[in-house]
Amino acid sequence: MPLILKNNPVAWYHTYFKGLPQIAWKLHQDEEYTDYEIDFLRDVLEIKAGDQVLDVLAGYGRHALPLAEQGASLTCIDISKEYCDELKQVAKREKLSVNVICADVLEYALPDKTFDAAYCFGNSFSFFPRAEMQQFIHQLARTLKPGAPIAIHTENLAESILPNFQTRNWMPVKDDIVYLAENEYRAEGGYIEAEQTFISGSDRVTHQVRQHIYTLGEITHMFELAGLNVVATFGNLEADPFMLGDEQLYLIARKP
């Protein structure tokens, strides 16, 4: 039985993904780009019909549902009840092989040596501080079959964020939603403390968010400690090698 690290019950992501922020996140997604990511996942993870695939922090299933349509069997875990309910309803309606687990991944005992592939996409790979992140990666490693690959995506790598760090930014979202953020980088802890505000008409929601910032070297070391070999680091879906200043990291690792 894997060791489960009890998470802080007031961690920001426990209450973030509902209401206006949840709606804004979904509306912000680009369907064409998601299609490219699905093709990328299928290729780098070598997903075949019948494979058991784990989607970690799956959201409403924008990657999982298309992969299930192509014949894979998906297990999805996410903390948002709203997203999980939506994913269950769509999977049931479309008669897809999708098992949805609504839980904090740090508190849920995923089965050992079960999955042919796993991934964590959608810029979710920055939620946890260092001790919990190492536990998270160890748990992912345990749940993979020998030889299985895993892919992660993040826009919060130190090499991406820090060269052009912005203390304030704003962005219009579809359906007249505006997103505002005030960011402070806490170098001693290696994280960004942010106040994020979503505004739609008379509705206004504000959250305090802590995004943990890792260097590529740190992430690679954590994967190695968990027994996973990093085999590729890309800066885009065209599989160009990651370089300083690239806005995104796509990392591929494999369990020996």
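FYI, it's all coordinate maths here, none of it is from the lab. This is a predicted model, so every value here is computed, not measured. Here the Cβ positions follow ideal geometry from the backbone for every residue, glycine too, while neighbour counts run over all protein chains shown.
So here's what we get for this one:
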| item | result |
| --- | --- |
| Calculated Rg and Dmax of the Cα atoms in Å (choose from [x] 20.3, 63; [y] 17.6, 54; [z] 24.4, 76), label | [y] |
| Set of aspartates and glutamates with alpha-carbon distance to Lys92 below 13 Å, sequence-local pairs under 8 removed | Glu69 |
| Computed over the chain: relative contact order in percent, which uses C-alpha pairs under 8 Å that are six or more apart | 18 percent |
| Sequence of Trp25, Trp12 once ranked by neighbouring C-beta atoms within 10 Å, starting from the fewest | Trp12, Trp25 |
| Whether region 100-195 is rounded, prolate or oblate, judged on the alpha carbon gyration tensor where a/c under 1.5 counts as rounded | prolate |
| Under the Debye formula (equal points on every Cα, no solvent term), log10 I(q)/I(0) of region 162-209 at q = 0.26 Å⁻¹ | -0.95 |
| Contour excess over end-to-end distance, with Cα ends at Glu224 and Thr206 and 0.36 nm allotted per residue | 2.7 nm |
| Unsatisfied cross-links (Cα-Cα over 21 Å) in the set Lys26/Lys255; Lys113/Lys255; Lys26/Lys81; Lys18/Lys174; Lys26/Lys48; Lys26/Lys174 | Lys26/Lys255; Lys26/Lys48 |
| Calculated over region 10-152: convex hull of Cα atoms, volume per residue (Å³) | 105 Å³ |
| DSSP-assigned coil residues among trypsin sites (Lys or Arg not before Pro) in region 125-222, each with at most 13 further Cβ atoms within 10 Å | Lys174 |
